[in-house]
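Below is one structure, written out as structure tokens, with a few remarks after it.
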Amino acid sequence: INETKRQRIKNIELYGKGDSYCIEVNGRMIFGEDFILTAQCRTALPMNYAYNYEDDCLNTGNFMYNTLNLPLIVLEVAGDKDDFDTKLSDVCEIAYDNLHHRRKEVIDVIYNKHLSDFLLQKDKETGKPLYDIDRTTITLGFCGLNECLEVLYGGGITEFEDKGIEIIEFLNSKKEEFNKRDGLRWSVIGSPAESTAHRFAEIIKDKYPNAKVQGVKGSYYLTNSSHIPVDSGVMLT
């Protein structure tokens, strides 16, 4: 352990069978039998891409993501559920094109223009690149699930948790569709949108002044990703 960066192990639990464990370090990271989950960016790296622990979970992570403004999407279709599904799918397709364009430009910068050659270093033992862009995830992120549900159903996550899960499952289905389409490693995350949550809320209030968001004028914000509002009074255990 680096003495200057020592962290306390909070909890160790048996995971599955054999010598697999689930380890939580200061609430930041969980290691499982076939995945690594990092709480900082809410990223799961399952071993279902290369089906190899080192290739799937080491020297990799989120390459890039787009964050979907869920309540704005539903406001654009006046709260109609069927139209929301269609609009959400359309926005996911826009994100798909955008992320592919960005990926193409970064590949050109790294591999053709050689502006970041430190990324091209190879492992001394295996000879494999330490960074392989094809192993990183391309991601659909989302923000404001709670406010989205309020527009659709008149209540937030605490009242309509099952409906919120349906929306996330829909995003997961788009992720699977994209993976089959291009063979790349797609994922879905609740974006760590601490500043984006404010910017998205301001955009919503500019277009729809009567829309419900969190906070007050000058400090509007959306509930981050799939969180519950801080004033909900719900006790989590």
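Below is a table of values for the structure above.
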quantity: Total residues in region 96-111, condition without any contact (Cβ under 8 Å) to a residue 12 or more places away in the chain and either touching a Pro at 6+ places or on another chain (Cβ under 8 Å) or hydrophobic (A, V, I, L, M, F, W, C) (or both); calculated: 1
quantity: Criterion violated by Val151 - all others in (1) open to solvent by 50 Å² or more (accessible area, probe 1.4 Å); (2) within 24 Å of Arg199 (Cβ to Cβ); (3) out of contact with any helix residue (DSSP H, G or I) (no Cβ under 7 Å at 6 or more places or on another chain) satisfied; calculated: (3)
quantity: Residue count, region 133-155 (criterion: among the charged types (D, E, K, R) and either at pLDDT below 95 or closer than 14 Å to Val188 by Cα (or both)); calculated: 2
quantity: Subset of region 201-229 [in contact with an Asp or Glu (Cβ under 7 Å, 6 or more places away or on another chain) and open to solvent by 30 Å² or more (accessible area, probe 1.4 Å)]; calculated: Lys212, Tyr220
quantity: Residue in region 181-200 that is under 21 Å from Val234 (Cα atoms), open to solvent by less than 60 Å² (accessible area, probe 1.4 Å) and not aliphatic (A, V, I, L, M) present; calculated: yes
quantity: Residue that is farthest from Asp182 (Cα to Cα) [pool: residues in region 112-138 that are in contact (Cβ under 8 Å) with a residue 12 or more places away in the chain and open to solvent by 60 Å² or more (accessible area, probe 1.4 Å)]; calculated: Leu130
quantity: Of all residues making up region 140-170, the number that are charged (D, E, K, R) and under 14 Å from the mean Cα position of the chain (by Cα); calculated: 1
quantity: Some residue of region 159-173 being in a loop (DSSP other than H, G, I, E, B), of a type outside the set (Ser, Thr, Tyr) and either closer than 16 Å to Ile228 by Cα or open to solvent by 10 Å² or more (accessible area, probe 1.4 Å) (or both); calculated: yes
quantity: Test: residue in region 106-125 that is under 26 Å from Cys57 (Cα atoms), modelled with pLDDT under 95 and of a type in the set (Phe, Trp, Tyr); calculated: yes
quantity: Positions within region 199-228 being in contact (Cβ under 8 Å) with a residue 24 or more places away in the chain, over 17 Å from Val74 (Cβ atoms) and not in a strand (DSSP E or B), in sequence order; calculated: Asn224, His227, Ile228
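The values are calculated or read from the model by the stated rules, or taken from the named source; none is laboratory data. Keep in mind it's a predicted model, so treat the numbers as computed, not measured. When we count neighbours, we look across all protein chains shown, and the Cβ atoms used for this are built from the backbone with ideal geometry, even at glycine. SASA here: full protein model, heavy atoms, side chains in, ligands and nucleic acids out. Shrake-Rupley method; radii C 1.70, N 1.55, O 1.52, S 1.80 Å.
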